[in-house]
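Peer 1: Pasting a structure here, questions to come.
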Amino acid sequence: MAESLLLTEARSAQGEKVDVRLAAGRIAELAAHLAPRDGEEVTDLAGRLLLPAPAEPHAHLDKAFSAAEVPNPTGDLPGAVAAWREHRRTLRPDVLAERARAAAHAGLARGATAIRSHVDVHPDIGLAAVDALLALRAELSDALDLQLCAMAYPLAGPAGAANRRLVAAALDRGVDLVGGAPHIGGDDPHAETQACLELARAAGRGVDLHTDEHLRTTCDLRILARLAHGFPHPVTASHCVSLGGLPEQVQREVAGETAAAGVAVICCPQTNLYLQGREHPVGMPRALTALRVLERAGVLVAAGGDNTQDPFNPIGRGDPLETAALLVAAGHLAPDPAYDYVSNRARAAMGLEAVALRPGAPAELLAIAAGSVREAIATCTEDRIAIHRGRVVASTRVLRQLAPLPGDEP
Ligand SMILES: [Zn+2]
């Protein structure tokens, strides 16, 4: 492996031309012009915009690309859960592994050099999905940082005993976090949340819970914030859909408790725009969380793609820029903050160091054929080069050819 990599002819988000030298997984130096050293590897970025790499803080690699095989007849969350459970019992580990690899590659090609994937744990599948994703993590260890979160429910009481044993075994094998879904795990979200935190505490790991993925008036995020106060490991609440529909005063109270507990929130616009709101033919809610109220309270809010062509979302391509585009259209964020939601904020929620175009920063970068962050989100061009630990790990070129058109010069 070359000791350093020189990126030439990059463009910063401020529009300046910049050459960047990467060494030892970090940005070593930047200048308008840097001369290549003897034997140094050089990649000409040909004017591409150079950005902090996106990160995917909420994926389900074990479910990806199953949409054709596993239709969701009702299009809502209960329909997706029922369809997936039925399919999961018969899912072959080699098929799961192949789809998960394709999904990880898709994310990486779009620039996501860090991915957090939830992975199902249940007596019907045992640890087969966990083992497949642990193997994938090892296979891709030079290309991306893959975090795994064991997702099981119920976890509390006698009904959760088998799942608790499996989750503990998954953590023993090297899974990073404990997950769950208190709003569908049983009739006691408090006990469910507590069981999840206890498992994580015993293993010395963090938690990432599917929280309030519905439009009812209940809000388990408040329960999580109270139980997680003082918890010694990172805690994340994914989705938090119902919070977005609660009265603003309640939103502010919950956001304050969430901030005080240091719980991060991950919004998943695409899946929740798809799954939620079907019972509202008029004035359909957008089913995003209360982005602004959470932010104003000081909560770390990021965004993820969630599902990629499975019963929970038949579309999706594992592209953080698609998530950013939805934050602009459905969440009314400006393009630059929207990109931050899917890059540095996502990294922060995953416990990863921030990236900036400055010496010493981690060399986790995306070069994309666009003139600005706004244009990158607008076009979502596939023309991208992903850099992880100072090395090009994925590269896609786009060649567009139009037939001669009337008015073209001969
Ligand atoms: Zn999810």
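The numbers here are math on the coordinates, done by the rules we state, and not lab data. Bear in mind the structure is a predicted one, so any value in this text is a computation, not a measurement. Cβ atoms come from the backbone with ideal geometry, glycine included; neighbour counts cover every protein chain shown.
Peer 1: Toward the positive end of the charge dipole of region 56-349, about the Cα centre and with charges on Cβ (Lys, Arg +1; Asp, Glu -1), which of 214, 262, 277 goes farthest?
Peer 2: 262
Peer 1: Choose one of 24, 228, 377: the residue whose Cα lies farthest towards the positive end of the charge dipole of the chain (beta-carbon charges +1 Lys, Arg; -1 Asp, Glu; about the Cα centre).
Peer 2: Checking the options against the dipole of the chain, the answer is 228.
Peer 1: Let me ask something else. Around residue 207, which amide H atoms from residues at least 5 apart in sequence, or from another chain, sit under 5 Å from its own amide H, with H modelled in the peptide plane?
Peer 2: 178, 235, 236
Peer 1: Hey, another quick one. Give a quick list of trypsin sites (Lys or Arg not before Pro) in region 71-169 that DSSP marks as loop, anything other than H, G, I, E or B, with at most 11 other Cβ atoms within 10 Å.
Peer 2: Within region 71-169, the qualifying trypsin sites (Lys or Arg not before Pro) (loop, at most 11 other Cβ atoms within 10 Å) are 89.
Peer 1: Semi-axes of the equivalent ellipsoid of the chain: what are they in whole Å, largest first, if each equals the square root of 5 times a C-alpha gyration tensor eigenvalue?
Peer 2: Sorted largest first and rounded, they come to 36, 23, 22 Å.
Peer 1: Would you tally the net charge around residue 353, using a Cβ to Cβ cut-off of less than 9 Å, leaving residue 353 out, and scoring K and R as +1, D and E as -1?
Peer 2: Every neighbour counted, the sum reads 0.
Peer 1: Quote the charge dipole size of region 56-349 about the Cα centre in Debye, to the nearest 20; the model charges only the Cβ of Lys and Arg (+1) and of Asp and Glu (-1).
Peer 2: That gives region 56-349 a dipole magnitude of about 160 debye.
Peer 1: On to the next question. Treat region 159-275 as a sphere of radius equal to its Kirkwood radius over Cα pairs and apply Stokes-Einstein at 37 °C in a medium of 0.692 mPa s; give the translational diffusion coefficient in µm²/s, rounded to a whole number.
Peer 2: In µm²/s, the coefficient rounds to 227.
Peer 1: Between region 2-66 and region 322-398, how many Å separate their Cα centres?
Peer 2: That distance is 11 Å.
Peer 1: So, by mean Cβ neighbours within 10 angstrom, what's the order for 265-272, 170-177 with the highest one leading?
Peer 2: Top of the packing list down: 265-272, 170-177.
Peer 1: Among 203, 114, 64, which one shows the highest mean-square fluctuation when the chain is modelled as a Gaussian network with alpha-carbon springs under 10 Å?
Peer 2: 203
Peer 1: Continuing with this model, one more query. Using θ = phi - 60° and the Karplus curve 6.51 cos²θ - 1.76 cosθ + 1.60, what whole-Hz ³J(HN,Hα) does each residue of region 102-115 get, with Gly and Pro shown as x?
Peer 2: Using θ = phi - 60°, the values come out as 4, 5, 5, 4, 4, x, 5, 4, 8, x, 6, 8, 9, 9 Hz.
Peer 1: Along region 299-315, what does the Karplus equation 6.51 cos²θ - 1.76 cosθ + 1.60 (θ = phi - 60°) give for ³J(HN,Hα), rounded to whole Hz, x for Gly and Pro?
Peer 2: 6, 6, 10, 9, 9, x, x, 6, 9, 10, 6, 9, x, 7, 6, x, 10
Peer 1: With Cβ to Cβ distances under 11 Å as the rule, what net charge do the other residues near residue 388 carry (K, R +1; D, E -1)?
Peer 2: After counting each charged neighbour, the total is -1.
Peer 1: Something else now. Only Cα pairs within less than 10 Å get springs; with that Gaussian network setup on the chain, which residue of 385, 368, 125 has the largest fluctuation?
Peer 2: 125
Peer 1: Tell me, what HN-Hα J-couplings in whole Hz come from the Karplus equation 6.51 cos²θ - 1.76 cosθ + 1.60 at θ = phi - 60° for each residue of region 86-91, using x for Gly and Pro?
Peer 2: Values, residue by residue: 5, 5, 4, 4, 10, 6 Hz.
Peer 1: Taking H as built 1.01 Å from N, whose amide H comes closer than 5 Å to the amide H of residue 58, not counting residues under 5 places away?
Peer 2: For residue 58, whose amide H was placed from the backbone, the distant partners under 5 Å are 116, 305, 306.
Peer 1: Just need the relative contact order of the chain here, percent rounded to a whole number, with Cα pairs under 8 Å and 6+ apart.
Peer 2: 21
Peer 1: While we're here: So what's the net charge close to residue 62: Lys and Arg +1, Asp and Glu -1, counting the other residues with Cβ under 10 Å from its Cβ?
Peer 2: Local charge sum for residue 62: +1.
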